[in-house]
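Down below is the structure, laid out as structure tokens.
Rule-based calculations on the coordinates, nothing more; no lab input. Remember, predicted model here, so these are calculated numbers, not experimental data. No Cβ is skipped: glycine too gets one built from the backbone with ideal geometry, and neighbour counts run over all protein chains shown.
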Amino acid sequence: MQASRSKQQGFSYIELMVTATVIIILASLAIPLATWDQKRRKEVKLRVHLQQMRDAIDLYKRYADEGRILLEDIDQMGYPLDFETLVEGVSVSSPILDPNELQGESAEGETFTFLRSIPVDPITGEPTWGMRSYQDDFDSDAWGQENLYDVYSLSDKKALDGTYYSEW
């Protein structure tokens, strides 16, 4: 009986082929899951960047409506002129309650930056974004350059949910 055991050393060729086939099948299932997870992570990052930029635009608008930011042009409608305005910052003063109270006083305040930098679009890999003015149509692809009302991704790809990134 020990003589028959000593002859059975190692694996047969068929056992090795079956094992290799199982490993290949498992690896082929894992690769699409990793690709899907990477795309999902980029989508989450895109949503975060869009929300940060839109929050910065909304805060600028709120400060302008409160009179804390003096607007250079009436066509701005209280929105920043461009991304550079949000990154470089503007002079923000305390809220103006009555314009008559400012006689002889300066309304200048501290410089407030709304964004540290223009975020990189995780889908395109570039720090460029589509922009819309308040005067533009809600689905416009061209920026009217009057002000910065909204931002969107310039990617023409589809998201996991079937929508286009540019529609977010």
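Taken along the Cα-to-beta-carbon direction at a fixed 7 Å, the label points for Glu88 and Gln9 span 8.0 nm.
Values (1) 8.8; (2) 17.2; (3) 8.2 are given for comparison; mean projected area of the Cα convex hull in nm², derived from the coordinates here, is the one labelled (2).
The residue list Thr19, His49, Ile69 was ranked by how far each Cα lies along the charge dipole of the chain toward its positive end, using unit charges on Cβ atoms, and Thr19 comes out on top.
Dipole magnitude of the chain about its Cα centre, charges +1 at Lys/Arg Cβ and -1 at Asp/Glu Cβ only, in debye to the nearest 20? Kindly include the intermediate steps, with their values, before the conclusion.
Values: 16 positive and 29 negative charges, 457 e Å.
The calculated dipole for the chain is roughly 2200 debye.
Over the stretch 20-167, what is the relative contact order in percent, taking alpha-carbon pairs closer than 8 angstrom and at least six residues apart?
Numbers: 193 pairs, mean separation 31.7, N = 148.
Relative contact order for the stretch 20-167 comes out at 21 percent.
As a calculated quantity, the FRET efficiency between Asp141 and Asp161 at R0 = 35 Å, using C-beta atoms, amounts to about 0.95.
Taking DSSP loops as anything outside H, G, I, E and B, show the longest stretch in the chain free of trypsin sites (Lys or Arg not before Pro) there with at most 16 other beta carbons within 10 Å. Longest run free of exposed loop sites: 1-115.
For the chain, what number of Lys pairs, 8 or more residues apart or on separate chains, have alpha-carbon atoms under 20 Å from each other? Please list the in-between numbers first.
Values: Lys39/Lys157; Lys39/Lys158; Lys42/Lys157; Lys42/Lys158; Lys45/Lys157; Lys45/Lys158.
Lysine pairs satisfying the spacing and distance rule in the chain number 6.
If the segment from Ala27 to Glu72 were pulled out straight at 0.36 nm per residue, it would be longer than the present Cα-Cα gap by 10.2 nm.
With n ≥ 4 as the cut-off for DSSP H runs, can you work out [θ] at 222 nm for the chain, using -39500 (n - 2.57) per run divided by the number of residues, rounded to the nearest 500? Working shown, then result.
On the way: 3 runs with 65 residues, N = 168.
So the helix-based figure for the chain works out to -13500 deg cm²/dmol.
Just to verify a number: FRET efficiency for Gln38 and Thr128, C-beta to C-beta distance, R0 = 25 Å, to 0.05?
On the way: r = 22 Å, r/R0 = 0.87.
The pair Gln38/Thr128 has a calculated efficiency of 0.70.
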